[in-house]
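Report on one structure; see the data block that follows.
The values are calculated or read from the model by the stated rules, or taken from the named source; none is laboratory data. Predicted model only: the values in this text are computed from it and were never measured. Ideal geometry is used to build each Cβ from the backbone, glycine not excepted, and the neighbour counts take in all protein chains shown. In case anyone asks, the SASA skips ligands and DNA or RNA and just uses the protein heavy atoms, side chains included. Shrake-Rupley method; radii C 1.70, N 1.55, O 1.52, S 1.80 Å.
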Protein chains: 4
Amino acid sequence: MAGNSFGQVFRITTFGESHGAAIGAVIDGCPAGLAIDETFIQSEMDRRRPGQSAITTQRKESDRVRILSGIYEGKTLGTPITLLIPNEDSRPGDYDQLQDAYRPSHADYTWIQKYGIRDHRGGGRSSARETAARVAAGAIAKLLLRQSGIEIQAYVSAVGTLTLRKTYESLDLSLTETNIVRCPDPDTAQQMIDLIQEVRTQGDTLGGTVSCVIRRCPAGLGEPVFDKLHADLGKAMLSINAVKGFEYGSGFAGTRLRGSEHNDVFTKDDGGQITTKTNHSGGIQGGISNGMDIYFNVAFKPVATIMQDQETVNSAGEKVVLNAKGRHDPCVAPRAVPIVEAMAAIVLADHLLRARMGQL
Amino acid sequence: MAGNSFGQVFRITTFGESHGAAIGAVIDGCPAGLAIDETFIQSEMDRRRPGQSAITTQRKESDRVRILSGIYEGKTLGTPITLLIPNEDSRPGDYDQLQDAYRPSHADYTWIQKYGIRDHRGGGRSSARETAARVAAGAIAKLLLRQSGIEIQAYVSAVGTLTLRKTYESLDLSLTETNIVRCPDPDTAQQMIDLIQEVRTQGDTLGGTVSCVIRRCPAGLGEPVFDKLHADLGKAMLSINAVKGFEYGSGFAGTRLRGSEHNDVFTKDDGGQITTKTNHSGGIQGGISNGMDIYFNVAFKPVATIMQDQETVNSAGEKVVLNAKGRHDPCVAPRAVPIVEAMAAIVLADHLLRARMGQL
Amino acid sequence: MAGNSFGQVFRITTFGESHGAAIGAVIDGCPAGLAIDETFIQSEMDRRRPGQSAITTQRKESDRVRILSGIYEGKTLGTPITLLIPNEDSRPGDYDQLQDAYRPSHADYTWIQKYGIRDHRGGGRSSARETAARVAAGAIAKLLLRQSGIEIQAYVSAVGTLTLRKTYESLDLSLTETNIVRCPDPDTAQQMIDLIQEVRTQGDTLGGTVSCVIRRCPAGLGEPVFDKLHADLGKAMLSINAVKGFEYGSGFAGTRLRGSEHNDVFTKDDGGQITTKTNHSGGIQGGISNGMDIYFNVAFKPVATIMQDQETVNSAGEKVVLNAKGRHDPCVAPRAVPIVEAMAAIVLADHLLRARMGQL
Amino acid sequence: MAGNSFGQVFRITTFGESHGAAIGAVIDGCPAGLAIDETFIQSEMDRRRPGQSAITTQRKESDRVRILSGIYEGKTLGTPITLLIPNEDSRPGDYDQLQDAYRPSHADYTWIQKYGIRDHRGGGRSSARETAARVAAGAIAKLLLRQSGIEIQAYVSAVGTLTLRKTYESLDLSLTETNIVRCPDPDTAQQMIDLIQEVRTQGDTLGGTVSCVIRRCPAGLGEPVFDKLHADLGKAMLSINAVKGFEYGSGFAGTRLRGSEHNDVFTKDDGGQITTKTNHSGGIQGGISNGMDIYFNVAFKPVATIMQDQETVNSAGEKVVLNAKGRHDPCVAPRAVPIVEAMAAIVLADHLLRARMGQL
């Protein structure tokens, strides 16, 4: 009801404010007997970690995950898995001037409207720091999905006006992690890095797009009416801080095609498996996976915290001028890649378990 | 779990197959004491009804809603409201050739993968007919929202490659219902109608975009983490048949702006009310409404049923050629307008009630 | 949230007021492919039906169930199953004097406190008529359980002070349906019938106890913390009108034993199956079924509507004297037997499906 | 779905195994702005704490609660409240012989049936230690209820065959905490203490009954169908370890009265308030509170761990003889008092918030 949980069967609840003692997640509904590789969890955290490269915030958080429950001798017990991430490098002093001012395009004003009270230190619960807990939980979801062979890979496909104009099939996605911007096309990656560094120097920020591909998803996942697989993926993505849009398969561009161009014709492949000649459907038909690749795009707005003077008002309605201190990302897209993957993994894990219910 | 319900407090459950006895919805959680105007419910149904104009399917359904429970002497009792819509004009014979063939870009194949059984008559539960139940439930949500002054208006903003290049603020949205394509710009509307009729003659179909504006939404609706107001709106829209994408506020285009351009500066209006100078945020910040207009776009793919020969396979994996009979829409956008509004109303009604929980 | 749904995976939502157009239920989450025997559903309805014998209310309702969705060619589709039961024999005139008076030990007063409005005709939504929808849904749950061999049998074990002092193992439960009071011990049954008829003549009413046995439940059903199998059974029973108590296994009497007397010692039976020598646990240990018989008792208070003058107040707080008309049961226990079974079946069906999640 | 959460609006999720790093709870949905008194939370923990008196287990746990999130400057933020209780005095060596043996009337066997894996150290997740997290969460629920004046008091009303034969109205419940067995009648309390000490000397254990009274609950809480206030209270109580039964108001004894004796006649008190002359209803009519005292009884079985040799089988089905070491309670009732109160508080807090939805 208060919206800190996500998923029906594989269900995560996240908790914690950015400048409190800790953040974390409880996963309820992970089946018993799953081997947990803690090194893998930490490697996922490191992909999201602040301070990881020259184009991210320089805030330092080691983001070490401590597992408090649910795992015994390296395997899940079927009980709630609690993942705790202590907060370390908080400098609440950076936020003193914010105590009473509403930062533009942040949640300060709406938070007060909703709750009448807020923790002004760095966004509190509305800080993107909350997504660290999602990445930790997503790592466990990925371990569950691996049992079924499902693989998820996201990458940065646009930074500001710089767009990677290649389909995912034409890219070698294994190159994604070879550069700090997480774009699998080396030339475009370098241009993106240059652009981010240039804009940072101006005290300004950029938006971007993250694309994501899910491979080897079995047919039959997703529920046909409200909990369509892409509807749950869409909600998952739109729940990530700074996201403004979601499209899957042919997306918005597909609206400009004719039906005769857009339809994915069924055929049988050499192995006798039913497949489609094209994949405008993005691997999902009628809300249910069809066994083809699932792919989608996620739009991230430019970071709201800029290093320039900005007018705003305080809670008394008086004009004030803000000049952000803090340490912030010039563009969230590179660090958003593991977050997008984590949320996709949580949705898939949930629907993988839900699919056990469909037939007698 | 099986995904036929939507909403947490104002919660709808829809039921029924397109060619069964009836479809309908149960609304649980509508507060007691709300006056129900049945004429209004029916007028909403008529906006979605097949056969309403020259550019929609010619299938005839009167879509009369019968209220079976929850209302007494014109007012809600606080008990479940059951809305029943009998199916009338089914011609199951039209679907005989489909019994065993997988229609391209339909849910036939995925349905069998999931359930191992299906009602082949016209899509069954995956038919867009299910959305009639949503429109009926949405009408009641609208009546609830009216109590708080909230108004919702959707309109067609693109048909195929024909795009209305005007912002909603520059349009007179009250013109939307003055033409059969539901575009508030009369010139563009006529072009859209012409295009749809031309493409129908070719036995082909079109996609389109529906835009939606929510006015006078109070600040404070939406939950800050997973159930962000725009995340729930996004899921609601993506759960509508044929939807491929959702964006709100500045959307995908906003990713190309700089932070300094995109930020919505707070100010005080003449009435002393805190407001923002621009509204790239689309009325939602940190997942919570801020009192400004909420606006978003929804992408609909071209209709999958085309009046042309199409190759496909049947359940035995054999090649077959389909030539659709049935009576289908050449473009869903005009009839999708009330569906988009209905789902938006259901999300808003739910969050309006949930907001009662935020403070002591 | 408004509490008209029950179950997590096998989930029923009931709707309808006693004197409205109809009552009914929507079942979401029944797996696809289950054969549905409509004759069986009706036979269950007949066990709950008013007017079935000399010791029940003489109100006439045929309680014919109409299936509106979810079943095609005799099998479930995996979609919502809608069960509709039209109301027939309502005599709202019987309730005219009640419009403004609060009947003792009914929900009239609390309903007004909660909703500020009510349908005064016979209890509306708080009428026990709502349980007809549960029996219809429970019949489908029973059909699902049969696939796993699970059998449920309830019977009347006490009427007023007349208590059947035999354990279920010493009774032939197949005799339950051979008499109108549904007590499997013929002598006690006759005494119960005599008692009910005597008390009815006095215009008074009786309470009673219904006992229930679930056989061949596989080990492993139930969740170990909040959703213990007996906790869900308890809630299910306590949600039935007029129920005041629930105990399972050794129950309240078991509190008077020592641990050394109460513990169920594990052993191996002749077939090599692990079993317990006694079954004070009532087939459930730590909230999870252990494969032994599950048994429990449900306490029903005496019917609140009596055919005697009763003092009360009306909504203005003025003293009024009520003399019930209407047609009411002198004791609910005999008709409660199929209701108890139905709710037990719904709980078991839900946990049978939930158990699919426990392991990898 | 996996059942580690309870409540709809005020919703707790507990986590942790008895011999892992920690146990705890996350509360989602507590409104913003509630003052939190940490001393009060700790005092509630101390009432449940092992080692508190001569008649409880001598295991030592300080049960210090650490608040990780959701509270800032002494007030709730409206965000998840995380309560962490580290495990201290675990002696896993005590459980070595149990690794492979199924303790009688414990959850060892059923756990393996359900999950195929278990943490054999002291019950793991099925240990009553889990209830410490409930008491911590319940303390916050109590603070919320205090805002509305609602008070909850439980006490021990029976130990083994020793029953307190007085109604709660005739007792001074403020005496409950003046003795270690938590019985408000000093003479009976002393007899209970003597009995427990005697039975402990024999290496045996006792069951008991806890009674609970809720005062000043406003009318209108509870939902009329499945989520009746007493049905949710019943589930809450039945979800506590070792509970075998629940009854409210007149309970099982009420089944033996006639309707004319049992009905609670409405009248107007001196202050003009509508009230009932008797309260067999236990403060709840039709599932909704009526403003009178709510009272109920909870049956606890004798503790399963006894200090005597017991036969059982191991996972290979071989006979083994157990002699428990560990440190266990001879009777759970005294320590169950705060647990019963905590669960009652959580149910009431949830329904207090849910009641905000009933009317326009």
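The mean of 1/r over all pairs of different alpha-carbon atoms in the protein assembly as shown, once inverted, gives a Kirkwood hydrodynamic radius of 32.7 Å.
Separation of segment D:127-161 from segment C:101-165 is 30 Å, based on Cα centroids.
Taking a ≥ b ≥ c as the square roots of the Cα gyration tensor eigenvalues, segment B:45-86 comes out prolate, since a/c reaches at least 1.5 and a/b is larger than b/c. Taking the Kirkwood radius as Rh and the Cα radius of gyration as Rg, chain B has a ratio of Rg/Rh equal to 0.98. Hydrophobic long helices, here whole DSSP H runs in chain D with Kyte-Doolittle means of at least 1.0 and Cα atoms spread over 20 Å or more along the helix axis, are found at D:333-354. I need the shape label for segment A:170-224. Rule: rounded when a/c is under 1.5, else prolate if a/b > b/c, else oblate, with a, b, c from the alpha carbon gyration tensor. In terms of gyration-tensor shape, oblate.
Note on chain B: with a GNM built from Cα contacts shorter than 10 Å, the maximum mean-square fluctuation among B:ARG47, B:ARG258, B:ARG182 falls on B:ARG258. Reducing segment A:23-63 and segment C:234-250 to their Cα centroids gives an inter-centroid distance of 45 Å. Whole-Hz Karplus values for segment D:261-272 come out as 8, 8, 4, 9, 6, 6, 8, 10, 7, 4, x, x Hz, taken residue by residue from phi with 6.51 cos²θ - 1.76 cosθ + 1.60 and θ = phi - 60°; glycine and proline positions read x.
Amide H to amide H, with H built 1.01 Å from N, C:VAL320 comes under 5 Å of C:THR312, C:VAL313, C:ASN314, counting only residues 5 or more places away or on other chains.
In percent, how large is the relative contact order of segment A:230-360, given Cα pairs closer than 8 Å and 6 or more residues apart? Relative contact order for segment A:230-360 comes out at 24 percent. Shortest first, A:GLY317 label-point distances to identical copies amount to 4.2, 7.3, 8.0 nm, with the label point at 7 Å from Cα along Cα→Cβ. Only helices enter the 222 nm calculation for chain B: every DSSP H run of n ≥ 4 contributes -39,500 (n - 2.57), and dividing by all residues gives -8000 deg cm²/dmol, rounded to 500. Between B:ASP28, B:ASP37, B:ASP185, which gets the highest mean-square fluctuation from a Gaussian network model of chain B, Cα cutoff 10 Å? Result for chain B, Cα springs under 10 Å: B:ASP37 fluctuates most. The rotation axis bringing chain A onto chain B passes closest to the chain A residue reported with its distance as A:LYS235, 2, by C-beta distance in whole Å. Sort segment D:301-360 into rounded, prolate or oblate with this rule: let a ≥ b ≥ c be the square roots of the eigenvalues of the Cα gyration tensor; rounded if a/c is under 1.5, and if a/c is not under 1.5, prolate when a/b is larger than b/c, oblate otherwise. Prolate, because a/c is 1.5 or more and a/b exceeds b/c. Shape analysis of segment A:192-231 based on the Cα gyration tensor places the equivalent ellipsoid semi-axes at 39, 13, 4 Å, largest first. Where in chain D is the longest stretch that carries no GluC sites (Glu not before Pro) classed as loop by DSSP and with at most 16 other Cβ atoms within 10 Å? After excluding every exposed loop site, the longest remaining stretch is D:89-317.
With label points defined 7 Å past Cα in the direction of Cβ, position D:THR178 shows copy-to-copy spacings of 5.9, 8.1, 8.3 nm, given to one decimal and shortest first. A simple charge model with +1 on the Cβ of Lys and Arg, -1 on the Cβ of Asp and Glu and nothing else charged puts the dipole of the protein assembly as shown at about 0 debye relative to its Cα centre. When the Cα positions of C:PRO330, C:ILE346, C:PHE10 are compared along the charge dipole of segment C:5-356, C:PHE10 comes out farthest toward the positive end, with charges on each C-beta of Lys, Arg, Asp and Glu. Let me know the charge dipole size of segment B:5-356 about its Cα centre in debye, to the nearest 20, where only the beta-carbon of Lys, Arg (+1) and Asp, Glu (-1) is charged. Here segment B:5-356 has a charge dipole of around 420 debye.
Dividing the mean sequence gap of close Cα pairs (under 8 Å, 6+ apart) by how many residues segment D:5-356 holds gives a relative contact order of 23 percent.
Counting only protein heavy atoms and a 1.4 Å probe, the protein assembly as shown has 30 square angstrom of accessible area per residue.
Position B:ASP46: other-copy label points at 4.7, 6.6, 7.2 nm, ordered by increasing distance, label point 7 Å along Cα→C-beta. Pairs spanning more than 23 Å between alpha-carbon atoms, out of D:LYS60/D:LYS114; B:LYS235/B:LYS268; C:LYS60/C:LYS244; C:LYS166/C:LYS277; B:LYS75/C:LYS60: D:LYS60/D:LYS114; B:LYS235/B:LYS268; C:LYS60/C:LYS244; B:LYS75/C:LYS60. Taking D:LEU84, D:LEU233, D:LEU171 as the candidate residues, the one with maximal mean-square fluctuation in a Gaussian network model of chain D, Cα springs under 10 Å, is D:LEU171.
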